[in-house]
Ligand code: NAP
């Protein structure tokens, strides 16, 4: 790593793309066991360097040691899940139709499988210096699909990006991989632009702001040869509460909600940005008490802090918005205290800007008078990463509410809170715009690998020229659909 060798792992965009391009055919042709082994080698190396990496992350991100150590575990767990996804082989989508001359017209031998797109540019996120950054889910899933990765370092933690890239590159070399499987370019705006514009890049994965994501998506689309852009741009993640559920549960609900929207200083794309509940004085009082007891926290960067404070001011200035608890910046220690506002159902429908994400420790109580108002808010929602309901279970309105949540969100919760995204086979972390630029995709979980592959059908190509995945003998022992039957 750079801390052990003293050499930075940052390359110019040209060098990083050239190396990624050169190594792409080798990497695409790796057998599944070798590729999974490389992912596990990176995970093992990161785990063994945790004591060096966490202090760098603490110094750069202002996040605490316990949180960051947990995040390292999430990151290496993610890499290991992707190794399992590779070995499993389902993502290759192998389908074989043997030639059948008896058909009219006769059918040739047809064999279909997914192949990697080629070098992927990954934009590291600021809010998870490990789990959504240099070796985060985007990198892990792109590597699992067989794509070399060039990471654009996040300006919030460039030294950590360099250090963890060194750990990963050294692990890859020790495991027998050539240069170019993983590369790093600097944290400047221009490096990111140049990277997306480089013709050797075949896809982009991004986690960050809507403004930045859309600017880069436009660059990807305007290239002479446009490429897919997978942007995760954030979400307001509304939680609906029915009247039957609320009765007697006000304190418990308030504690859960405030704990979730202030977690990590509200710097999660899964933060619940709206609590949509019946108008109720007991709930108001419980919320004010809970948020008043929440501590101040430092935010990731000065820029994110300033953008957050400006976002709070903009909302407070809307006439229909009532401040239930005013937080704000404590200049003495640069900590931001959480803010909670309230607005009526009719007012939020009249102010669609209140349905936009405000990244940081603030949220909005939306008070409704009847079920019809609740459903009108559900209809007005933008695309979401997550949405949920706290209900008893026999409310008739659920039959209308739940389909509306599915129509807008990638993850629908029953109870609980949206912060906390399990890294597992079934997870969907995506959703319609503006949550993401690609509603069919996920950036967390096993299905994240699907973003960086595309299907090819080989017609009458002799087996010796095909991937072992497509051989009749099935040497990789992966699922194959043969003549219509899945084995
Ligand atoms: P950001 O401003 O979107 O930046 C993310 C990455 O994109 C950085 O590497 C940034 O480089 C680059 N970038 C941004 N705008 C660009 C442009 N016009 N052209 C080329 N590159 C561009 O995100 P951030 O700095 O991490 O946080 C700012 C805001 O993003 C937050 O307040 C929050 O609203 C949102 N955010 C969302 C998520 C999420 O989970 N979706 C996560 C983190 C942050 P430069 O910094 O050099 O411009």
*Kindly check whether there is at least one residue in the range 125-138 that is assigned to a strand (DSSP E or B) and either more than 11 Å from the ligand (Cβ to nearest atom) or surrounded by fewer than 24 Cβ atoms within 10 Å (Cβ to Cβ) (or both).*
no
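Residue-by-condition table, conditions (1) modelled with pLDDT of 95 or more; (2) outside any helix (DSSP H, G or I); (3) under 29 Å from residue 196 (Cβ atoms):
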| position | (1), (2), (3) |
| --- | --- |
| 7 | no, yes, yes |
| 16 | yes, no, yes |
| 23 | yes, no, yes |
| 45 | yes, no, yes |
| 56 | yes, no, yes |
| 73 | yes, no, no |
| 83 | yes, no, yes |
| 91 | yes, no, yes |
*Being away from the ligand (no atom under 16 Å from the Cβ), over 17 Å from residue 123 (Cβ atoms) and not in a helix (DSSP H, G or I) is the filter here, so list the residues in the range 209-250 that pass it.*
224, 225, 226, 238, 239, 240, 241, 242, 247, 248, 249
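Here's the yes/no breakdown for (1) assigned by TED's automatic domain parsing to the domain that holds residue 126; (2) surrounded by 14 or more Cβ atoms within 10 Å (Cβ to Cβ); (3) free of Cβ contacts under 8 Å to residues at least 40 places away in the same chain:
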residue: 281; (1), (2), (3): no, no, yes
residue: 290; (1), (2), (3): no, yes, yes
residue: 332; (1), (2), (3): no, no, yes
residue: 337; (1), (2), (3): no, yes, no
*Would you pick out the residues in the range 339-369 that are within 19 Å of residue 282 (Cβ to Cβ) and within 28 Å of the chain's Cα centre (by Cα)?*
340, 341, 363, 364, 365, 366
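Determine whether residue 253 is under 30 Å from residue 287 (Cα atoms), more than 10 Å from the ligand (Cβ to nearest atom) and touching a residue at least 12 places away in the same chain (Cβ under 8 Å).
Values: under 30 Å from residue 287 (Cα atoms): yes; more than 10 Å from the ligand (Cβ to nearest atom): yes; touching a residue at least 12 places away in the same chain (Cβ under 8 Å): yes.
Against the criterion (under 30 Å from residue 287 (Cα atoms), more than 10 Å from the ligand (Cβ to nearest atom) and touching a residue at least 12 places away in the same chain (Cβ under 8 Å)), residue 253 qualifies.
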*Looking at the range 446-476, which of the residues that are exposed (fewer than 11 other Cβ atoms within 10 Å of the Cβ) and without any contact (Cβ under 8 Å) to a residue 12 or more places away in the chain is nearest to the chain's Cα centre (by Cα)?*
475
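Here is a list: 57, 41. Which entry is more than 16 Å from the ligand (Cβ to nearest atom) and in the same structural domain as residue 192 (by TED's automatic domain parsing)? Spell out the reasoning first.
On the way: 57 fails: more than 16 Å from the ligand (Cβ to nearest atom).
Exactly one of 57, 41 is more than 16 Å from the ligand (Cβ to nearest atom) and in the same structural domain as residue 192 (by TED's automatic domain parsing), namely 41.
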*State all residues of the range 415-463 that are touching a strand residue (DSSP E or B) at 6+ places or on another chain (Cβ under 6 Å) and not in a loop (DSSP other than H, G, I, E, B); if no residue qualifies, say none.*
436, 451, 452, 453, 455, 456, 457, 458, 459
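For the range 426-445, check the following and say yes or no: at least one residue is away from the ligand (no atom under 16 Å from the Cβ), touching a residue at least 60 places away in the same chain (Cβ under 8 Å) and either in contact with a helix residue (DSSP H, G or I) (Cβ under 9 Å, 6 or more places away or on another chain) or closer than 28 Å to residue 316 by Cα (or both). Walk me through it before giving the result.
Within the range 426-445, the subset away from the ligand (no atom under 16 Å from the Cβ) is 426, 440.
Applying the additional criterion that residues be touching a residue at least 60 places away in the same chain (Cβ under 8 Å) yields none.
Within the range 426-445, not a single residue is away from the ligand (no atom under 16 Å from the Cβ), touching a residue at least 60 places away in the same chain (Cβ under 8 Å) and either in contact with a helix residue (DSSP H, G or I) (Cβ under 9 Å, 6 or more places away or on another chain) or closer than 28 Å to residue 316 by Cα (or both).
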*asked:* Looking at the range 382-401 only, could you name the residues that are crowded, with 21+ Cβ neighbours inside 10 Å and either within 17 Å of residue 352 (Cβ to Cβ) or not assigned by TED's automatic domain parsing to the domain that holds residue 279 (or both)?
replied: 384, 387
_Tabulated pairs, the range 182-202, first more than 11 Å from residue 121 (Cα to Cα) and modelled with pLDDT of 95 or more, second assigned to a loop (DSSP other than H, G, I, E, B) and more than 10 Å from the ligand (Cβ to nearest atom), C-beta under 8 angstrom, 6+ apart or interchain_ = 199/223; 199/224; 199/225
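Residues are listed down the side, and each one gets a yes or a no for (1) crowded, with 21+ Cβ neighbours inside 10 Å; (2) closer than 30 Å to residue 15 by Cβ; (3) away from the ligand (no atom under 16 Å from the Cβ):
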position: 93; (1), (2), (3): no, no, yes
position: 106; (1), (2), (3): no, no, yes
position: 111; (1), (2), (3): yes, no, yes
position: 121; (1), (2), (3): yes, yes, no
position: 147; (1), (2), (3): yes, yes, yes
position: 158; (1), (2), (3): no, yes, no
position: 163; (1), (2), (3): yes, yes, yes
position: 169; (1), (2), (3): yes, yes, yes
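Give the range 178-193 a look and list any residue that's within 15 Å of the ligand (Cβ to nearest atom) and touching a strand residue (DSSP E or B) at 6+ places or on another chain (Cβ under 8 Å), or say none.
Here is the first cut: in the range 178-193, the residues within 15 Å of the ligand (Cβ to nearest atom) are 184-193.
Those that are within 15 Å of the ligand (Cβ to nearest atom) and touching a strand residue (DSSP E or B) at 6+ places or on another chain (Cβ under 8 Å): 184, 185, 186, 187, 191, 192.
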_Could you check the range 145-200 and list, in sequence order, the residues that are part of a helix (DSSP H, G or I) and closer than 21 Å to residue 228 by Cβ?_
191, 192, 193, 194, 195, 196, 197
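Looking only at the range 96-108, decide whether some residue is in contact with a helix residue (DSSP H, G or I) (Cβ under 8 Å, 6 or more places away or on another chain), touching a residue at least 24 places away in the same chain (Cβ under 8 Å) and in a helix (DSSP H, G or I). Break it down into steps so the answer makes sense when it comes.
Restricting attention to the range 96-108, the residues satisfying the condition of being in contact with a helix residue (DSSP H, G or I) (Cβ under 8 Å, 6 or more places away or on another chain) are 96.
Still in the running and touching a residue at least 24 places away in the same chain (Cβ under 8 Å): 96.
So of that shortlist, the ones also in a helix (DSSP H, G or I) come out as none.
The answer is no; no qualifying residue exists.
The values are calculated or read from the model by the stated rules, or taken from the named source; none is laboratory data. Small disclaimer: the values here were computed from a predicted structure and weren't measured. Note that we place each Cβ from the backbone using ideal geometry, even for glycine, and neighbour counts take in every protein chain shown.
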